[in-house]
Amino acid sequence: MSITMYQTTVPVLVRALTNLAGVLKKGAEHAKERNIAEEVLLNTRITPDMFPLIRQVQIATDMAKGAAFRLAGEEAPKMEDNETSFEQLQARIANVIGMLNGFKPEQIDGSENRDIVLKMRSGEMQFKGQPYLLQFVLPNVYFHCTTAYAILRGVGVVLGKSDFIGKHE
């Protein structure tokens, strides 16, 4: 049995974002229990030249949302990137998960060779659907989810590998 583009996109991205939401929930609880202002954690970075936690979440959700819409041949809705609290980040994640769950397999399946063009500051990036998903989207989503996890773990939030990976189904 082969795996489809839909199966490699929607369920995988929903799981990553669901787990990210769980990690952020623990971050918010940590801040509350220790009387740490949320903005302190949300603006924490691993190093000065990396984005802070809040931007890591925004990028992870943008990458996930963009993948499904692009693979379906649709324009992805823009988000404002104006979140300033854990609650707003949770709402953003829930919104994107809702968008992802709105796709049907027939919208994404067969997109392996769909032309995908990203307009970046450095110029255009061109992909076919499957390499776009496997070599660009998934590594980026996992990078930004991992970085968000690492930021919170680095400030003392009690997190383990199972928080990142999630439960077996």
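A few notes on this one:
- Contour excess over end-to-end distance, with Cα ends at Tyr142 and Val158 and 0.36 nm allotted per residue: 3.8 nm
- The angle between the Cα long axis of helix 5-33 and the main principal axis of the chain comes to about 10°, on a 0 to 90 degree scale.
- In whole angstrom, region 63-112 maps to an equivalent ellipsoid with semi-axes of 24, 11, 7, each derived as √(5λ) from the alpha carbon gyration tensor and ordered largest first.
- Kirkwood Rh (inverse of mean 1/r, distinct Cα pairs), the chain, angstrom: 16.6 Å
- Residue-normalised accessible area of the chain, expressed per residue, 1.4 Å probe, Å²: 56 Å²
- Rounded tilt (10° steps) of 53-71 against the dominant C-alpha axis of the chain: 10 degrees
- Highest-fluctuation residue, Glu80, Glu29, Glu39 considered, GNM on the chain with Cα pairs under 10 Å: Glu80
- Sequence-ordered 3J(HN,Hα) estimates for region 37-45 from the Karplus curve with 6.51, -1.76 and 1.60 and θ = phi - 60° stand at 4, 3, 4, 5, 5, 5, 9, 6, 10 Hz, glycine and proline given as x.
- For the pair Thr44 and Gln88, label points projected 7 Å from Cα toward Cβ lie 2.0 nm apart.
- The chain, helix-only ellipticity at 222 nm - DSSP H runs n ≥ 4, -39,500 (n - 2.57), divided by all residues, nearest 500: -18000 deg cm²/dmol
- Sites Lys167 and Arg121 - FRET efficiency at Förster radius 45 Å, r taken between beta-carbons, to 0.05: 0.70
- Accessible carbon and sulfur surface of region 1-117 relative to its total accessible area, %, 1.4 Å: 51 percent
- Region 56-115-region 119-155 distance, computed between alpha-carbon centres (Å): 13 Å
The values are calculated or read from the model by the stated rules, or taken from the named source; none is laboratory data. Treat the numbers as computed from the prediction; the structure is a model and nothing was measured. Heads up, the Cβs are rebuilt from the backbone with ideal geometry, glycines too, and the neighbour counts pull from every protein chain shown. What goes into the accessible areas is simple: the full protein's heavy atoms, side chains included, and nothing from ligands, DNA or RNA. Shrake-Rupley method; radii C 1.70, N 1.55, O 1.52, S 1.80 Å.
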